[in-house]
Amino acid sequence: MTDNQEQLIQEAVEKALQGDMDAVNNIEDRVTRSKAKAALVKAKREAAKTSAEPSSEDKSEESATESKPAPLSLNQKIAGIIASQFPGTVDEESSSETHIQLQPAKWFDVAQYLRDDPACLFDSLQCVTGVDLGEESELEVRYNLHSMTHRHAVEIRIECARNNPKVPSVETVWHIGDWFERETYDMFGIEFEGHRDLRRILLPDDWEGWPLRKDYEVQETYHGIVVPKVKEGWE
Amino acid sequence: MVLNIGPQHPSTHGVLRLKVVTDGEIVSDITPIIGYLHRCFEKHCENSTYEQVIPYTDRCDYIASMNNNFGYVVAMEELMEIKVPERVEYIRVIMAELNRIASHLLALGTYGLDVGAFTPFLYMFRDRERILDIFELTCGARLLYNYMWVGGVSHDLPVGFVETVYNFLDYFEPKVQEYNDILTFNKIFIERTADVGVLLPEVAISFGVSGPNLRGSGVKWDIRKDEPYSIYERFDFDVPVGQGLVGTMGDCWDRFYVRVLEMIESTKILRQALKDIPANGDVHQALPKKIRPPKGSIYRRTESPRGDLGYYIISDGSPQPYRLKMRSPAFTALSVLNEISRGWMLSDVIAVLGSLDIVLGEIDR
Amino acid sequence: MTVDQLIDWFPISATWPGLTFLLAVLICAVPVFLFIAVYALVVIYGELKISSFMQDKVGPMGQGVGLHAWRWGLLQPVADALKLILKEDIIPASADKKLFILAPFIVFIGAFIAFSALPFSQTLIIADMNIGVFYILAVSSLGVIGLIMAGWSSNNKWSLYGAMRSAAQIISYEIPAALSIIAVIMLTSTMSMQGIIQYQSGFIWGFLPNWLIFNNPFTFVAFFIFFISGVAECNRTPFDIPEAESELVAGAFTEYSGMRYAFFFLSEYANMFVVAGVAATAFLGGWQSPIPGIFNSPAWGLWWFMSKTMFLIFVMIWFRWTFPRLRVDQLMSACWKGFTPIALVNIFGVGIWYLTLG
């Protein structure tokens, strides 16, 4: 490595540590650039080790987290509000800055509260995602809520047992819950109690199995038609 | 009488089946039955690498593929904290806005066809062909591009690209006036669409409707302005909102007109982007060698021509997504069909369905 | 050459009157049928090409030799006709067979027999009845029965919808059409087609033909009312809800294929010709020449009649590719709340004009 190159890499890494990635990306020579990137990773690792405060891995851009230590993220604030209104529903250990973990029992009341309370006003249900947390683990439903008035958003996760997954339905709170919950039921088999018309939406009504579960075995034939298998692996 | 519209039908915009219960000509209940185009996109993504997911996203909303790609790469880059070079940002915005114009042209043209105006459909497709030619010039594909990659784009802009797009913009802007003359302010078209299928703002928000459908009801919400991504903050453009010019606010005409105005706004963004795009830069600079995002999850929305396109990605540190959910705007738009077309006549159901601008590929995935 | 003249011309008319009558009618009917067939081919081709030019397309092009060379594609309508004739004749299993087969013929008859009163030229008219225009209006309503039969016998909800809409539309729009013709009859005091044309002979101020459209402002409006009602009667856009392609696939004709479908098609175009022909006769002077003094012979008369009719058909085609279609209830309210009152006012107006200004 020549002196010039070393100096270039040094400067680029310094600039990048301050946040300007263009210096690294704009290096013409491929070899030098990759060396600079490697040096940057090393520098970052060292900075992380020496700094006293763990950097918060906040990936959800909707949280109102500030980079200075102390203030609670929006998710944590709302978790606090829910815990005070509905004691016993918030699972404090699993909640974090990025999401609120709730117990399924009182979800319908919590949802109504979240929609109507003036501090929250979450009038828009953005996305309902079903998740299979692993073959030995449980199923989970994740709700992304958003408020058009306050322009803030939270994520709520509700875990349910694999054998008999039941979650209260919120389709009367947010009307789009109707179709989102049907889709989650279709893909995972999670039953939403209180849903007036819970049937499959994307697959035919007489399909067997819950496709997006990790232990799903596709059926051999459907009405005499051979069902092709989904490609395994990525090679 | 229980009528069945579709799945094979000239104006259901794809394979959609509508079960309509009518009393004479008045409709009392509509049940959309979807799933005819379900291709297990989400299951496929769990078995493919992050790079291999991008062509799958193309095929969901096949009319606005660039915007689908854009949503995915924006979410991934936030998850992996990658910052892409300036030139790549500008290229992405240019492609996304061109695709927005193309998608709106198709939506408006087929809407005219649904209500019986055969000629504007052909005029709009003629202009859309020019956009597809620009795309073919850049990446070789007309409809499904696989263009935006995590950390960059697949091909750099060809020589003469900027001039071609300027020519197109100069040709296209007077055409919008022509479309207004022939269709938007045509008396018969106004009679067919004004006051029909009124969508109230509260109903829209509760049903999760977004994009031009929501803006047609008077709610000023555009992800490009309210939760900006990429470099949209640098551009100066308006967000057109329905005002009930020729009827009630939130009727089919308003949704139609919002799309027409959005095309003009896209041309403004395009002109600004073409002026400021950096002349040189390597578009493959920031491409990661192997995409292995850190463990975590992210939900990110972007503005596709149909509304809020959201990707919920859960990563477990491996090269394949653990779970990828695509929240499509047309899914929510279709769910509101029953609400707003009850009590109207059968022809109005077709008019309302056309104004919601759905694409079955996105709804069924 | 009327049927009466033909009968007199036959030497055997005294001995076998029945046979003579039959022969005379056949000799007049067959050319009309052939004329309708050829005219339909021409108009179909015209519609394709005209619509293409309006829509920035090229339309049928030729890739062969002879008639099918260059950019004209003149054999396209012939190919279309051949295709329709050679198609498989499908009758749905649950359809009402007798009505299903009978329906196209009744629709066609309604349009076909109206041709017998159209004055193609001074001497070329099959039957110059003294109730000419009344006969045409009466007979063109026969088509409605055929349409309802078609919709009902297909045993298909879509066809039923289309047939009901169509029947309502045609019956309603007969009224403004008839009322406009009454305004004409009031002036001409005769219902005979040739008589109406004779009334319009001569020139005002030396150069303006004495056509009824220029006669007084009320007949001017009556012309437009009649023309638009005629377009509605033919089920053409903007009134083509019964066959709205993007809504009801093909409306009342969804289940028809091949030659039966061709018959419906043919009768639609024949109807267009009848409407345009009556409009040309009653308002535009029929076979009379617009230029004073010359081009008056019977051959020229035929030319003038055909060109006026074809121009009106061109306008109908133009309408189809320009306007979106009206919804059924808007159609009906336009008829009953718009055209009919105006047509009634017209009748009053013509009477008062005639009395006061002579």
Restricted to the range A:167-188 and to residues being free of Cβ contacts under 8 Å to residues at least 24 places away in the same chain and of a type in the set (Phe, Trp, Tyr), the residue most open to solvent (accessible area, probe 1.4 Å) is A:TYR185
Picking from C:SER172, C:SER166, the residue that is assigned to a helix (DSSP H, G or I) and within 14 Å of another protein chain (Cβ to nearest Cβ) would be C:SER166
Counting only residues that are open to solvent by less than 30 Å² (accessible area, probe 1.4 Å) and either in a helix (DSSP H, G or I) or touching a Leu at 6+ places or on another chain (Cβ under 9 Å) (or both), the range C:326-358 contains a total of 11
Subset of the range B:152-208, residues within 14 Å of another protein chain (Cβ to nearest Cβ), part of a helix (DSSP H, G or I) and under 27 Å from B:SER230 (Cβ atoms), comes to B:TYR171, B:ALA204, B:ILE205
Among residues of the range A:132-153 being polar (S, T, N, Q) and open to solvent by less than 10 Å² (accessible area, probe 1.4 Å), the residue nearest to the chain's Cα centre (by Cα) is A:ASN144
Exercise. Of a type in the set (Asp, Glu) and within 14 Å of another protein chain (Cβ to nearest Cβ) - does that describe any residue in the range B:256-279?
Worked result: no
When the range C:193-224 is checked residue by residue, the ones that are of a type in the set (Ser, Thr, Tyr) and in contact with a Ser or Thr (Cβ under 7 Å, 6 or more places away or on another chain) are C:TYR199
When restricted to B:THR57, B:THR119, the only residue of a type in the set (S, T, N, Q) and within 14 Å of chain C (Cβ to nearest Cβ) is B:THR119
Taking the range B:1-19 and keeping residues farther than 28 Å from B:LEU324 by Cα, assigned to a strand (DSSP E or B) and more than 10 Å from chain C (Cβ to nearest Cβ) leaves B:LEU18, B:LYS19
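Here is a yes/no grid of residues against (1) under 29 Å from C:ALA114 (Cβ atoms); (2) more than 28 Å from the chain's Cα centre (by Cα); (3) outside the structural domain of C:ALA270 (by TED's automatic domain parsing); (4) polar (S, T, N, Q):
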position: C:ILE36; (1), (2), (3), (4): yes, no, yes, no
position: C:TYR45; (1), (2), (3), (4): yes, no, yes, no
position: C:MET54; (1), (2), (3), (4): no, no, yes, no
position: C:PRO60; (1), (2), (3), (4): no, no, yes, no
position: C:TRP70; (1), (2), (3), (4): no, yes, yes, no
position: C:LEU82; (1), (2), (3), (4): yes, no, yes, no
position: C:ALA95; (1), (2), (3), (4): yes, yes, no, no
Reported set for the range B:329-354 where residues are buried (at least 24 other Cβ atoms within 10 Å of the Cβ), more than 11 Å from every other protein chain (Cβ to nearest Cβ) and under 11 Å from B:ILE30 (Cα atoms) is B:ILE340, B:SER341
Is it true that some residue in the range B:251-274 is modelled with pLDDT of 90 or more, over 20 Å from the mean Cα position of the chain (by Cα) and charged (D, E, K, R)? yes
Counting only residues in the range B:265-287 that are aliphatic (A, V, I, L, M) and out of contact with any Pro (no Cβ under 8 Å at 6 or more places or on another chain), the one nearest to B:VAL162 (Cα to Cα) is identified as B:LEU274
Reported set for the range C:78-121 where residues are open to solvent by 60 Å² or more (accessible area, probe 1.4 Å), at pLDDT below 85 and either of a type in the set (Asp, Glu) or assigned to a loop (DSSP other than H, G, I, E, B) (or both) is C:GLU88, C:ASP89, C:ILE90, C:ALA93, C:SER94, C:ASP96
Residue hits (the range C:186-209; part of a loop (DSSP other than H, G, I, E, B) and modelled with pLDDT of 80 or more) are C:SER189, C:THR190, C:MET191, C:SER192, C:GLN200, C:SER201
Looking across the range B:60-99 at residues that are within 14 Å of chain A (Cβ to nearest Cβ) and among the small types (Gly, Ala, Ser), the single one that is surrounded by the most Cβ atoms within 10 Å (Cβ to Cβ) is B:GLY71
The condition of being touching a residue at least 60 places away in the same chain (Cβ under 8 Å) and open to solvent by less than 50 Å² (accessible area, probe 1.4 Å) holds, among B:TYR179, B:TYR166, only for B:TYR179
Taking the range B:108-135 and keeping residues open to solvent by 10 Å² or more (accessible area, probe 1.4 Å) and over 15 Å from B:PHE172 (Cβ atoms) leaves B:THR110, B:LEU113, B:PHE118, B:PHE121, B:LEU122
Selection from the range C:149-167 of residues within 20 Å of the chain's Cα centre (by Cα) and surrounded by fewer than 19 Cβ atoms within 10 Å (Cβ to Cβ) yields C:ALA167
If you go through B:LEU113, B:LEU37, the only one that is within 14 Å of chain C (Cβ to nearest Cβ) and within 21 Å of the chain's Cα centre (by Cα) is B:LEU113
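This table checks each residue for (1) among the polar types (S, T, N, Q); (2) outside the structural domain of C:VAL345 (by TED's automatic domain parsing); (3) open to solvent by less than 50 Å² (accessible area, probe 1.4 Å).
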| residue | (1), (2), (3) |
| --- | --- |
| C:GLN169 | yes, no, yes |
| C:TYR173 | no, no, yes |
| C:SER201 | yes, no, no |
| C:ILE213 | no, no, yes |
In the set C:MET332, C:MET306, the lone residue that is among the aliphatic types (A, V, I, L, M), within 29 Å of B:ALA351 (Cα to Cα), in contact (Cβ under 8 Å) with a residue 40 or more places away in the chain and not assigned by TED's automatic domain parsing to the domain that holds C:LEU48 is C:MET332
Kindly establish whether B:ASP282 is touching a residue at least 40 places away in the same chain (Cβ under 8 Å), surrounded by fewer than 20 Cβ atoms within 10 Å (Cβ to Cβ) and within 12 Å of chain A (Cβ to nearest Cβ).
yes
Sole miss for C:THR15 among (1) open to solvent by 80 Å² or more (accessible area, probe 1.4 Å); (2) modelled with pLDDT of 85 or more is condition (2)
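For (1) without any contact (Cβ under 8 Å) to a residue 40 or more places away in the chain; (2) surrounded by fewer than 21 Cβ atoms within 10 Å (Cβ to Cβ), each residue gets a yes or a no:
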position	(1), (2)
A:CYS160	no, yes
A:PRO165	yes, no
A:GLU191	yes, yes
A:LEU203	yes, yes
A:TRP207	yes, yes
Among strands (runs of 3 or more DSSP E) entirely inside the range A:122-213, those with 1 or more residues being at the interface with chain B (Cβ under 9 Å from one of its Cβ atoms) are A:124-132, A:139-146, A:153-160
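The values are calculated or read from the model by the stated rules, or taken from the named source; none is laboratory data. Here the structure is a predicted model, which means the values were calculated and not measured. With ideal geometry, Cβ positions are generated from the backbone for all residues, glycine too; neighbour counts draw on all protein chains shown. The protein model used for the area step is the full one, side chains on, heavy atoms only, and it has no ligands, DNA or RNA in it. Shrake-Rupley method; radii C 1.70, N 1.55, O 1.52, S 1.80 Å.
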